[in-house]
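To start, the structure itself, in C-alpha cells.
Laboratory data are not the source of any read-out in this text; all were calculated from the coordinates shown. Bear in mind that the values here come from a model prediction, so they are computed numbers and not experimental data. All Cβ positions, even for glycine, are placed from backbone atoms using ideal geometry, and neighbour counts span all protein chains on display.
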Amino acid sequence: MRIIFIASLLLATAASRAQSCDCEKEFLHIKGFMEANYAGFKDKLAVITPAVYERKSKVFLQLSKKNGTGEQCLAIITAWLDMFKDDHVQVSINFDALKLDSQYISSRPIHPIPEKKLSALQKSKGPEGIYLSQYDSSYRIAVIKDQSPLHDYVGIMVNSKIPNWKPGMTKFEGHFINDTVLKGVLYMRNHMPKVEYFYLGKNVIGGDWLREGSAKEKRNVTYEPVASRQLSDKTFYIKISNFSPSNAKNIDSLFTTHKDLLSKMPYLVIDVRDNGGGADFAYGPLVPLLYTNPNTTTGVDVLATDANITGWKQLLTDPDLPESSKNSVRDIIGKMEGGKGRFVSLGNDGVDSSLTPLAFPKKVVFLINGGCASTTEQLLLYARQSSKVILAGENTDGTLDYSNMREHPFSCMPYILNYATTRSRRIDKGEGIDEKGIQPNVRLKPGTDWIAEAVKLLEQAPN
C-alpha cells in the first residue's frame, strides 16, 4: 500500500519570520529530524559512509553558522538534503508567495557585476551569459559560473521592470545534479527563496530565461489531467498526467465513459510520461485491464516514530482520499503506535491471483520516461508482470524505494520538509530501483513520435 500525501500550500507568517530565524538552529533541527524519522537514513548512511557524512555535514554546519539570518539558509539545508539522493525528500514553501516584506527586501545583499564581466558574458557561448525573462521581458539576469558548496552557477539581476528588484540581487543559484540540470533555489518575485530545478539548454535556462538575442521558444501551455482518443480502428490512446487524489475522479470517469469500447478494443496505449505519481488507489481502474497471471507483490515497512505517526494522521483530513483508504490509514497508525522506535510491516510479501484475465485489450503499451516516478513506478512494477504489457520509452526516474511522504514544518523558517516514512523490502532482495529506474522493454529514441511507435509495436507485432 502506498498513499502519497500531496501537500497543500499553507499560509504562514511574513518573510520577516524567516529572516529572524537562526540558520544554524534550523539546520540542526532538520538534520536531527531526518536522522530520527527518514525511513532511508540508515541505508543512505551506509552508502555515503559515516565518515563522509560527518565531514560533509560539518561543511554545511559551518556555512549555516556563517549565514546567521541570511537568505542562503534554504540553499544550505537543501544542498545538505541532496546528499541522500532521494526525490522523496523535498522542501515546499509555507508562506503567501504574493506578500512582500519590505524590511527583508531592503536587507538583501547586492553583488555588483563589473562592466567588463558583463561585456564578456554577452559574448559567451556556454551556459554563462545574459538572459531575459522570455515570456514578458520583465528583467535581465547575468548567469555566472561560480563553484561553491552551494552552487555551480548563479543568476544575478542586471536590470528589472519589477518593483523592488535592484541590480546585483541574486535571482537563482544552483548546483549540478546531472549533466544538464541544476538544483538550488529560485528567489521568487516577492524575493523569498524556494527550491527549484533549472534545465540548462543551448540558449535557455529553466524554461523561463532565454539568452539575449536568441529566438523565443514556443511554449506549450496545454495540460490535461487525463485525455483519450482513437488512434486507429484497433488502438485506443489514454493519457494520464498524474495520479493525485484530486485526479482520481477524472481517471475513473474516463474509464467508465469508455468501458464498452475498452471491452472490445484489441490494443491500448497508456501514456504516463512525466507522471510523477500521487496515490495508488487512483490507478485502480487500469488494473483489471492489465491482469493476465498471478502478480507478485513486495511489501513495505514504515518507521514508527511519533513524528511519522503525526504525519500519517494528517492523511485523515484529506477530502480527496476515499473512506476505504482512510480506514487502511487508521489500521497503519494503530500498528505504528504499537511498534514505536522500529520498522513496522504494512503487509506481507505475497501473490495476488484474485482477478480474472480479460479478453480485451489483447496488448498494452505503456509509454514511459524519466518523468515517471513514485506511484507511477508502482503501477509499472505491477504492469510489467503482465504478459500483455510492453513498456516502451526510457528508464523511469527511480523514486520508489523510500516512499509515503509526510510533512514536517521547519522550526522557524516558513518551509515544510516532505520526507519518506516507508522502506520497500525490494531493497533487501537487491531489487531496488532508486537512482536506476525501471527499464523499458523497448527503448524509443528522443525526437521520434513515440505514439506512432507504440501503434507499430501493437499492430505490426505478432499476437
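Cα-based values for the stretch 226-459, radius of gyration first and Dmax second, are 18.7, 59 Å. Sort the stretch 81-192 into rounded, prolate or oblate with this rule: let a ≥ b ≥ c be the square roots of the eigenvalues of the Cα gyration tensor; rounded if a/c is under 1.5, and if a/c is not under 1.5, prolate when a/b is larger than b/c, oblate otherwise. Because a/c hits 1.5 or more and a/b fails to exceed b/c, the stretch 81-192 counts as oblate.
Centre-to-centre, using Cα atoms only, the stretch 425-463 and the stretch 223-294 are separated by 17 Å. Under the classification rounded if a/c is under 1.5, otherwise prolate if a/b is larger than b/c and oblate if not, where does the stretch 332-376 fall, given a ≥ b ≥ c as square roots of the Cα gyration tensor eigenvalues? Oblate, since a/c reaches 1.5 and b/c is not below a/b. Among the cysteines of the chain, those with no neighbouring cysteine Cβ under 4.7 Å are Cys372.
Indicate the gyration tensor shape class of the chain (rounded, prolate or oblate), computed on the Cα atoms with a ≥ b ≥ c the square roots of the eigenvalues: a/c under 1.5 is rounded; otherwise a/b larger than b/c is prolate and the rest oblate. Don't skip to the answer; put the middle values down first.
Details: a/c = 2.07, a/b = 1.37, b/c = 1.51.
Since a/c reaches 1.5 but b/c is at least a/b, the shape of the chain is classed as oblate.
Round to the nearest 0.05 the FRET efficiency obtained for Lys99 and Lys65 when R0 = 30 Å and r is the Cβ-Cβ distance.
On the way: r = 29 Å, r/R0 = 0.97.
The value I calculate is 0.55.
Give the angle, between 0 and 90 degrees and rounded to the nearest 10, that separates the Cα long axis of helix 23-37 from the longest principal axis of the Cα atoms of the chain. It works out to around 20 degrees.
With respect to the cross-link table entries Lys31/Lys66; Lys31/Lys58; Lys116/Lys183; Lys99/Lys161, which display a Cα-Cα separation exceeding 20 Å?
Values: Lys31/Lys66 17 Å; Lys31/Lys58 11 Å; Lys116/Lys183 28 Å; Lys99/Lys161 18 Å.
Lys116/Lys183, as the Cα separations exceed 20 Å there.
Note on Lys429 and His258: the model spin-label points, each 7 Å out from Cα along the C-beta direction, lie 3.1 nm apart.
Using r as the Cβ-Cβ distance of Ile110 and Lys249, and R0 as 51 Å, what FRET efficiency do you calculate, to the nearest 0.05? Using R0 = 51 Å, I get an efficiency of 0.55.
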